[in-house]
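See structure below.
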Amino acid sequence: MLLPRADVPATPDLPERAWRDSRCAVADRLRDGTTFGYLASVDGRPVGWVNASYRSDYGLYAQVDPGGPEPRSVIGVSCFVVAPPFRHHGVAAALLDRVIADGRGRSALWIEAYPHDQPEGNDAGHFRGPRSMFATRGFQVVETRGNFTVMRRGVG
């Protein structure tokens, strides 16, 4: 069975992906090194995840700011997953702080975020993180693209 790529937009003929298919696709990308992220844990149990892959390895954002920095120099913070009991307790912020702290060690020059402009009213609607979380950490608006804003900050 051919699985849809987890790093590109859904197509009109397959607008929704089964979560098992997405999980399998991301696991394959983690194994081959094209997806990178951080896992947060509490008492040895996973409670949160952030995808912090290089933009050059993430098809959904390949066309972001084509005149901007080299995609291989940009870490793209594309999504957060936080277990429901741990939401609204700073897990996503702690994960983002780790991405920022490790950026230089990963040879990146920039870190980008792609928050939705008008997220759905539920927690899942904020899977890219709230714009305010990035703004308080020095991310600046680069451009607005459809339903999301590209925000960027330098590493260091």
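The values are calculated or read from the model by the stated rules, or taken from the named source; none is laboratory data. None of these values were measured; they are calculated from a predicted model. For neighbour counting, all protein chains shown are included, and Cβ atoms are generated from backbone atoms with ideal geometry for every residue, glycine included. Heads up: the accessible areas ignore ligands, DNA and RNA and are worked out on the full protein's heavy atoms, side chains in. Shrake-Rupley method; radii C 1.70, N 1.55, O 1.52, S 1.80 Å.
Conditions: (1) of a type outside the set (A, V, I, L, M); (2) more than 17 Å from residue 38 (Cα to Cα); (3) part of a strand (DSSP E or B). Residue 112 meets all but one. Number of the miss?
Answer for residue 112: the failing condition is (2).
Residues that are among the β-branched types (Val, Ile, Thr), at least 3 per element: which strands (runs of 3 or more DSSP E) completely within segment 23-89 meet that?
Those strands (runs of 3 or more DSSP E) span 74-82.
Could you check how many residues of segment 22-54 are open to solvent by 50 Å² or more (accessible area, probe 1.4 Å) and in contact with a Phe, Trp or Tyr (Cβ under 6 Å, 6 or more places away or on another chain)?
Count: 1.
Scan segment 85-107 and tell me whether some residue there is more than 19 Å from residue 52 (Cβ to Cβ) and aliphatic (A, V, I, L, M).
no
What are the residue pairs meeting all of these: first residue in segment 70-83, first residue within 15 Å of residue 122 (Cα to Cα) and of a type in the set (A, V, I, L, M), second residue modelled with pLDDT under 95 and open to solvent by 10 Å² or more (accessible area, probe 1.4 Å), Cβ atoms under 6 Å, and 6 or more apart or on different chains?
Final answer for the pair search is 81/49.
Within segment 129-145, is even one residue at pLDDT below 95 and open to solvent by less than 40 Å² (accessible area, probe 1.4 Å)?
Checked against the condition, which is being at pLDDT below 95 and open to solvent by less than 40 Å² (accessible area, probe 1.4 Å), segment 129-145 yields at least one hit.
Which condition from (1) part of a helix (DSSP H, G or I); (2) loosely packed, with under 13 Cβ neighbours inside 10 Å is the one that residue 118 breaks?
The one condition residue 118 does not meet is (1).
I'd like the full set of residues that are small (Gly, Ala, Ser) and either open to solvent by less than 10 Å² (accessible area, probe 1.4 Å) or out of contact with any Lys or Arg (no Cβ under 9 Å at 6 or more places or on another chain) (or both), limited to segment 74-89.
76, 78
Testing residue 65 on (1) surrounded by fewer than 20 Cβ atoms within 10 Å (Cβ to Cβ); (2) in contact with a strand residue (DSSP E or B) (Cβ under 6 Å, 6 or more places away or on another chain); (3) within 22 Å of residue 22 (Cα to Cα), one condition comes back false. Which one is that?
Single failed check for residue 65: (3).
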